[in-house]
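Read through the structure below, which is laid out as structure tokens, and then see the notes.
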Amino acid sequence: MNAPTKKKRRIRAKVFVPAAFVVAILLVTYIFPQQEQFRFSFSEGRPWQYQQLNASFDFPIYKSAEQLRAEQDSILVYYEPYFIIDENVQLGALAEFDAAVNLNENLSTLPLRYRLYIRNRLIEIYTAGIMRSEDYDLINNSLTKSLRIRSGNMARPERIEKFFTIRSAYERMINDAPSNFDTNLLRAAYINDFIHENIIYDVDWSERAREEFIQQVNISSGMVQQGERIIGHGEIVTPQIYNILSSLRRVMEERSGGRERSVWVVIGQFLLISLMFGAFYMYLLFFKPQEYRNQKSVVFLLSLSVVFVALTSIAMRSELFHVYIVPYAIVTILIRTFVDSTTSLFVSLITLVLCSLMVASPFEFIVIQISVMLISVFILKELSERSQLIRSAFFILLTYIFVYIGIVMYQEGSITAIDPIRLIYFLINFIFVMFSYSLIYLVEKMFGFVSGVTLVELSNINKPLLKELSEKAPGTFQHSLQVSNLGMAAAAKIGANASLIRTGALYHDIGKTLNPAFFTENQTPGMNPHNGLPFEESARIIISHVKDGVKIAKKHHIPQQIINFIETHHGTGMPKYFYISWKNANPDKEVNEADFRYPGPNPFSKETAIMMMADAVEASSRSLPEYTEESIRGLVDRIIDSQLADGHFKNAPITFRDIQLVKDVFVEKLKTVYHSRIAYPELKKEETSLKIT
């Protein structure tokens, strides 16, 4: 895959990168708690896990729900519900009875004195009042055994004994009948058809009266004054303190209410988040332009920050897990592995500052997490082995523990205030950091990065591809090893990625495995398959090892970062031997340079630039007639200056000073490789004489 030109990359970065930052700012603003929250987690009977808490404002101490309910229930025993008398019920019932006397056979044949008795008793019962049996039983079982009858805006108290239910009214009419009455005739008259409830429950007045009763109970049992100490670190949350903390949480939630306040809170959060990400943007723009132009790098860095801010928000909102379980060190480890230490520190710091705005004890959080961040960067200089990550995880755990103990002793003046639960949180955090090794693999697959571990694995010469190269093209394999040594030494001198160059150098010529005999380093004396071939055909075979190498690498799933070395180690240069030979053989013809030019692209990083220099210098050094410092330096200067003049390094972020340092390293390394060896003297044989005795 060809690297994009600088112009295209700049245009794409100017659009994509700002858009990515805007999306990140909006996401984090949405993730942030939208209102002021009580950020402490506490349980009755457990130690207080945070620093000393003082009241920042006056607030009442609310009674617990159980206490308030008990007091309300105790006062509600004196509550009297309200009822009204529905006069229309009595009038309707009497009208029904009078009509039934004329129409109902049972009533019309009933003697007059029976009919008069029933009608008079109905009037008496309705005057007293008939109510639902459920209401009657409820009031009868109450302490007051009374109710209030409302008439207009006035209400009078009445005893429950005065009233009837439908059943008691019917029984009263039957039982109070004169002794000379036949009760069977009364029952046959279906008196209950004319008995209806006329005492109706007044919902509005009753509920209003109930609320007034409840409001007589004071919901608070005292006040906490501003500045008053509530609880210190490590103290046990007693029932009283639990009630005070619950009251503080309730007041803070009430204070955060209101649409206008919420709008200002969101605006404030947006400004703070924009400031943090703005600093992040400017850092990439001015100090890491190569990462700024790399879309995958920008997405990777922003995603890490947003994900860990989201985890912090979830921890503070839902209380599913403690914030110290969140392995923030993973941010530092991943960025240190795939980018560099400076970016790792900067992005981690931005993430921690944003997270500290949500936690309960920001001072403690910042001190602990920044200490862990620094240790992560210093200990994990380069991740190339699993043991390094395990060792780093142990150092991170120790840092958590020691810094936490130091803060507790500094704030409380005693080691007994240490919360053992917090140490368990750190241990869980340690376990999560251990799993970051698998995250490295996922990040590599998602973003196309290459870690030091992967480079070490790829550079194993027992890998099938390298083993095939050593068997089919042993000369090329030895050349690759020498280029690797030169490139690593130069990279270490100018601050490039030595591991990346080492692996890239081992694979840069794998395309030669298809036609190994056509390359000088693999030829035996007297055997040259180029003899008899047209110069352009020989050039085509030589040039094709680049495209063949790319195909082989992709077939074996070699990362793109290594394929870049295959594509760029000749850049857009020429196999000059065949080019010059063709021109000498055809002085009167116009040469088609496309037939004698590598496909490129030219190097676009420090590492690929060093690779091009090392490859050309190592190959040419084999043809020197003698190996002196002057001849080696002349060779190195001539080759690299020629590459520089041809513009091969225009797209690479390498300076003239870097190039001079690379030259010096190459000269010293080649002097060591081709140093003169002293001639060892031969042992002279002593002449022995035969003595005759």
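The values are calculated or read from the model by the stated rules, or taken from the named source; none is laboratory data. Just so it is clear, the structure is predicted and the values come from calculations on it, not from any experiment. For neighbour counting, all protein chains shown are included, and Cβ atoms are generated from backbone atoms with ideal geometry for every residue, glycine included.
List the residue pairs whose Cβ atoms are under 8 Å apart, where the first residue sits in region 54-68 and is in contact (Cβ under 8 Å) with a residue 24 or more places away in the chain and part of a loop (DSSP other than H, G, I, E, B), the second is of a type in the set (G, A, S) and surrounded by 17 or more Cβ atoms within 10 Å (Cβ to Cβ), and the two are 6 or more positions apart or on different chains.
Once the first residue is in contact (Cβ under 8 Å) with a residue 24 or more places away in the chain and part of a loop (DSSP other than H, G, I, E, B) and sits in region 54-68, its partners that are of a type in the set (G, A, S) and surrounded by 17 or more Cβ atoms within 10 Å (Cβ to Cβ) give S64/S246.
Consider A505 against the criteria (1) of a type outside the set (S, T, Y); (2) free of Cβ contacts under 8 Å to residues at least 12 places away in the same chain; (3) buried (at least 22 other Cβ atoms within 10 Å of the Cβ): it satisfies all of them except one. Which criterion is unmet?
Failed condition: (2).
Can you tell me which residue within region 335-356, out of those that are at pLDDT below 90 and buried (at least 18 other Cβ atoms within 10 Å of the Cβ), is nearest to F287 (Cα to Cα)?
Filtering region 335-356 down to residues at pLDDT below 90 leaves 336-341.
Among the residues that remain, those that are also buried (at least 18 other Cβ atoms within 10 Å of the Cβ) are: 336-339.
Numbers: R336: 16, T337: 18, F338: 17, V339: 13 Å.
Looking at the filtered set, the residue picked out is V339.
Table: residues versus (1) in the same structural domain as I368 (by TED's automatic domain parsing); (2) among the aromatic types (F, W, Y); (3) at pLDDT 80 or above.
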{"site": "Y404", "(1), (2), (3)": "yes, yes, yes"}
{"site": "Q411", "(1), (2), (3)": "yes, no, no"}
{"site": "A417", "(1), (2), (3)": "yes, no, no"}
{"site": "R422", "(1), (2), (3)": "yes, no, yes"}
{"site": "I428", "(1), (2), (3)": "yes, no, yes"}
{"site": "F432", "(1), (2), (3)": "yes, yes, yes"}
{"site": "F435", "(1), (2), (3)": "yes, yes, yes"}
{"site": "L442", "(1), (2), (3)": "yes, no, yes"}
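Quick check on my filter: what residues within region 342-370 are over 19 Å from L302 (Cβ atoms), in contact (Cβ under 8 Å) with a residue 60 or more places away in the chain and not in a loop (DSSP other than H, G, I, E, B)?
Of everything in region 342-370, those that are over 19 Å from L302 (Cβ atoms), in contact (Cβ under 8 Å) with a residue 60 or more places away in the chain and not in a loop (DSSP other than H, G, I, E, B) turn out to be F363, E364.
Which residue pairs have Cβ atoms under 7 Å apart, sit 6 or more places apart or on different chains, and have a first residue in region 638-651 that is more than 20 Å from S621 (Cα to Cα) and assigned by TED's automatic domain parsing to the domain that holds P603 and a second that is loosely packed, with under 14 Cβ neighbours inside 10 Å and of a type outside the set (V, I, T)?
N651/K6
List the residue pairs whose Cβ atoms are under 7 Å apart, where the first residue sits in region 514-535 and is assigned by TED's automatic domain parsing to the domain that holds A594, the second is of a type in the set (V, I, T) and at pLDDT 80 or above, and the two are 6 or more positions apart or on different chains.
Short answer, once both residue conditions are applied: N515/I541; P516/T476; F518/I541; F518/I542; F519/T476; E521/T476; N522/T476.
Does Y437 satisfy being surrounded by fewer than 16 Cβ atoms within 10 Å (Cβ to Cβ), under 35 Å from the mean Cα position of the chain (by Cα) and among the hydroxyl-bearing types (S, T, Y)?
Details: surrounded by fewer than 16 Cβ atoms within 10 Å (Cβ to Cβ): no; under 35 Å from the mean Cα position of the chain (by Cα): yes; among the hydroxyl-bearing types (S, T, Y): yes.
Considered against the rule, which asks whether it is surrounded by fewer than 16 Cβ atoms within 10 Å (Cβ to Cβ), under 35 Å from the mean Cα position of the chain (by Cα) and among the hydroxyl-bearing types (S, T, Y), Y437 comes out as no.
Of everything in region 369-382 that's surrounded by fewer than 23 Cβ atoms within 10 Å (Cβ to Cβ) and β-branched (V, I, T), which residue is modelled with the lowest pLDDT?
I379
Looking only at residues that are under 60 Å from the mean Cα position of the chain (by Cα) and touching a residue at least 60 places away in the same chain (Cβ under 8 Å) in region 93-142, which one is farthest from A188 (Cα to Cα)?
Ranking the qualifying residues of region 93-142, first place goes to S142.
Looking at region 470-489, can you tell me whether even one residue there is in contact with an Asp or Glu (Cβ under 7 Å, 6 or more places away or on another chain) and aliphatic (A, V, I, L, M)?
Within region 470-489, one or more residues are in contact with an Asp or Glu (Cβ under 7 Å, 6 or more places away or on another chain) and aliphatic (A, V, I, L, M).
What's the number of the condition F38 fails, among (1) in contact with a Leu (Cβ under 7 Å, 6 or more places away or on another chain); (2) at pLDDT 80 or above; (3) surrounded by 14 or more Cβ atoms within 10 Å (Cβ to Cβ)?
With respect to (1) in contact with a Leu (Cβ under 7 Å, 6 or more places away or on another chain); (2) at pLDDT 80 or above; (3) surrounded by 14 or more Cβ atoms within 10 Å (Cβ to Cβ), F38 is out only on (2).
Cβ-Cβ distance below 6 Å, separation of 6 or more or different chains: which pairs start in region 302-327 with a residue that is without any contact (Cβ under 8 Å) to a residue 24 or more places away in the chain and more than 16 Å from V353 (Cβ to Cβ) and end on one that is of a type in the set (A, V, I, L, M, F, W, C) and surrounded by 15 or more Cβ atoms within 10 Å (Cβ to Cβ)?
Hits for this filter: A315/V323; F321/A315.
Does any residue in region 563-586 that is assigned by TED's automatic domain parsing to the domain that holds E607 and part of a helix (DSSP H, G or I) come within less than 6 Å, Cβ to Cβ, of a residue that is surrounded by 15 or more Cβ atoms within 10 Å (Cβ to Cβ) and of a type in the set (F, W, Y) six or more places away or on a different chain, and which pairs are these?
F578/F535; Y579/F596; S581/F535; W582/F535
Can Y114 be described as over 19 Å from I85 (Cβ atoms) and assigned to a helix (DSSP H, G or I)? Before you say what the answer is, go through the steps one by one.
Details: over 19 Å from I85 (Cβ atoms): yes; assigned to a helix (DSSP H, G or I): yes.
Answer is yes for this residue.
Among (1) in the same structural domain as Y136 (by TED's automatic domain parsing); (2) surrounded by 13 or more Cβ atoms within 10 Å (Cβ to Cβ), which single condition is E211 missing?
It is condition (2) that E211 fails.
Here's a check for you: in region 474-496, which residue that is aliphatic (A, V, I, L, M), more than 19 Å from I563 (Cβ to Cβ) and touching a helix residue (DSSP H, G or I) at 6+ places or on another chain (Cβ under 6 Å) is surrounded by the fewest Cβ atoms within 10 Å (Cβ to Cβ)? Steps first, answer last, please.
Residues of region 474-496 that are aliphatic (A, V, I, L, M), as a first pass: 481, 483, 486, 488-492, 494, 496.
Next cut, more than 19 Å from I563 (Cβ to Cβ) only: 481, 486, 488-490, 492, 494.
Narrowing the set further to residues that are touching a helix residue (DSSP H, G or I) at 6+ places or on another chain (Cβ under 6 Å) leaves 486, 488-490, 492, 494.
Working: L486: 26, M488: 22, A489: 19, A490: 29, A492: 13, I494: 18.
Taking the candidates together, the pick is A492.
Answer yes or no as to whether I558 is modelled with pLDDT of 85 or more, closer than 25 Å to N602 by Cβ, among the hydrophobic types (A, V, I, L, M, F, W, C) and assigned to a loop (DSSP other than H, G, I, E, B). Reasoning before the result, please.
Working: modelled with pLDDT of 85 or more: yes; closer than 25 Å to N602 by Cβ: yes; among the hydrophobic types (A, V, I, L, M, F, W, C): yes; assigned to a loop (DSSP other than H, G, I, E, B): yes.
So I558 fits the description; yes.
Give all pairs with beta carbons closer than 8 Å in which a residue from region 445-465 that is closer than 10 Å to T337 by Cβ and assigned to a helix (DSSP H, G or I) meets a residue that is at pLDDT below 85 and among the basic types (K, R); count only pairs at least 6 apart in sequence or on separate chains.
Pairs found: V453/R386.
Of the residues L624, L635, L644, which single one is outside any helix (DSSP H, G or I) and of a type in the set (A, V, I, L, M, F, W, C)?
Values: L635 fails: outside any helix (DSSP H, G or I); L644 fails: outside any helix (DSSP H, G or I).
Residue meeting the stated conditions: L624.
With respect to Y324, is the statement that it is within 13 Å of the chain's Cα centre (by Cα), within 24 Å of W48 (Cβ to Cβ) and buried (at least 23 other Cβ atoms within 10 Å of the Cβ) true? Explain how you work it out, then say what you get.
Values: within 13 Å of the chain's Cα centre (by Cα): no; within 24 Å of W48 (Cβ to Cβ): yes; buried (at least 23 other Cβ atoms within 10 Å of the Cβ): yes.
Considered against the rule, which asks whether it is within 13 Å of the chain's Cα centre (by Cα), within 24 Å of W48 (Cβ to Cβ) and buried (at least 23 other Cβ atoms within 10 Å of the Cβ), Y324 comes out as no.
Which one of these does S179 not meet: (1) among the hydroxyl-bearing types (S, T, Y); (2) within 48 Å of the chain's Cα centre (by Cα); (3) assigned to a loop (DSSP other than H, G, I, E, B)?
(2)
Let me confirm something: among V673, V665, which residue is at pLDDT 90 or above and either outside the structural domain of E521 (by TED's automatic domain parsing) or of a type in the set (V, I, T) (or both)?
Sole residue among the options that is at pLDDT 90 or above and either outside the structural domain of E521 (by TED's automatic domain parsing) or of a type in the set (V, I, T) (or both): V665.
Pull out all pairs, ordered by first then second residue, where Cβ-Cβ is under 6 Å, the residues are six or more apart or on different chains, the first lies in region 402-414 and is surrounded by 13 or more Cβ atoms within 10 Å (Cβ to Cβ), and the second is assigned to a loop (DSSP other than H, G, I, E, B).
What qualifies is V408/I418; Q411/Q51; E412/H233.
Rundown of residues vs (1) outside any helix (DSSP H, G or I); (2) of a type outside the set (F, W, Y); (3) more than 22 Å from A93 (Cα to Cα), yes/no style:
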| position | (1), (2), (3) |
| --- | --- |
| I125 | no, yes, no |
| S142 | yes, yes, yes |
| P157 | yes, yes, yes |
| R172 | no, yes, no |
| E197 | yes, yes, no |
| A209 | no, yes, yes |
